[in-house]
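Structure first, then comments.
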């Protein structure tokens, strides 16, 4: 009986030794396989007291970088008001002949636009010719200054003085080359009274110049129409430079500022460079918007008024601290990096630290807090995982 029990004990010991040897062989095979799969990290990551880990992981420092982004917004083309010249009537009168037939007609500098009959200017011209015949030099100079202030040119005055006769009509000429644009409706007003209504001031049948007696009409002048003093007759702009008016939500364009570069798209195969020169808040129908004015060169005349355009604006970001996206472990609501805290031989000692991220741009993570610019962090955080340290 004792011999039988001794045999069973030996058999159990042999089985136990066989199991131990098998486990040791499996562990060696697993370690060799891990070393083969991860040649970048030949040394194992060992946990040290104080929740730190040792690794040969390479480190990087945070950098301060200005992250530029782009925004695509839509808008339309309007004239550059700085190049607009408004021809304003300095006297009242009746249009006898108009030489501009339609809106957006091109006119050259010095081109005749219309012929105007005005009893008021005729009276001043008669005074000027009388003083010229009497050789009243001092009074003649003052009379000439008055005519110049009323819009007559030096050439017109000289021609009238040479002829010795007061012309029936006076011509209005274009002060610059450009397109005839629609006049501002607030300035394009005519008298609602009939042309035969009597008025004061020795103007015969001229309509009243009272602003309250004017009504808004379309932008086209007509022959036989009476015009008033200070009324806009024509608006001229050469459209060599135009404005692109871009609109967007306040949130979308909150970081756009004056000087940001832009590129206009959708104009055939061309891309036109522009610049944001004015950014303003805009309120319409109970909603807030941001309106951006782009200054655009249009020397080739490819941009038409009121045409729809798309602009890509390059937004220059503020200097921010960034780190590689590979240095961050995402735990949902928490973001972790490994900070180098010391050395252990040829390896580095790392400890986990939570950061406050500000978003991801161009494979970089913006860091708003948690680390400083002098900290060294693991470049590949995914190779260093200590679940107890991270989740505690």
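Give the number of residues within region 109-140 that are outside any helix (DSSP H, G or I) and within 21 Å of residue 89 (Cβ to Cβ). Total meeting the criteria: 10. In this structure, residue 323 does not qualify as buried (at least 18 other Cβ atoms within 10 Å of the Cβ) and part of a loop (DSSP other than H, G, I, E, B).
Could you go through region 114-122 and let me know if any residue there is out of contact with any helix residue (DSSP H, G or I) (no Cβ under 8 Å at 6 or more places or on another chain), outside the structural domain of residue 292 (by TED's automatic domain parsing), surrounded by fewer than 14 Cβ atoms within 10 Å (Cβ to Cβ) and farther than 30 Å from residue 296 by Cα. No: region 114-122 contains no residue that is out of contact with any helix residue (DSSP H, G or I) (no Cβ under 8 Å at 6 or more places or on another chain), outside the structural domain of residue 292 (by TED's automatic domain parsing), surrounded by fewer than 14 Cβ atoms within 10 Å (Cβ to Cβ) and farther than 30 Å from residue 296 by Cα.
For the residues 348, 343, the requirement of being at pLDDT 85 or above, surrounded by 15 or more Cβ atoms within 10 Å (Cβ to Cβ) and in a strand (DSSP E or B) singles out 348.
The values are calculated or read from the model by the stated rules, or taken from the named source; none is laboratory data. The structure presented is a predicted model; accordingly, all values stated were derived computationally and were not measured. We place every Cβ from the backbone using ideal geometry, glycine too, and count neighbours over all the protein chains shown.
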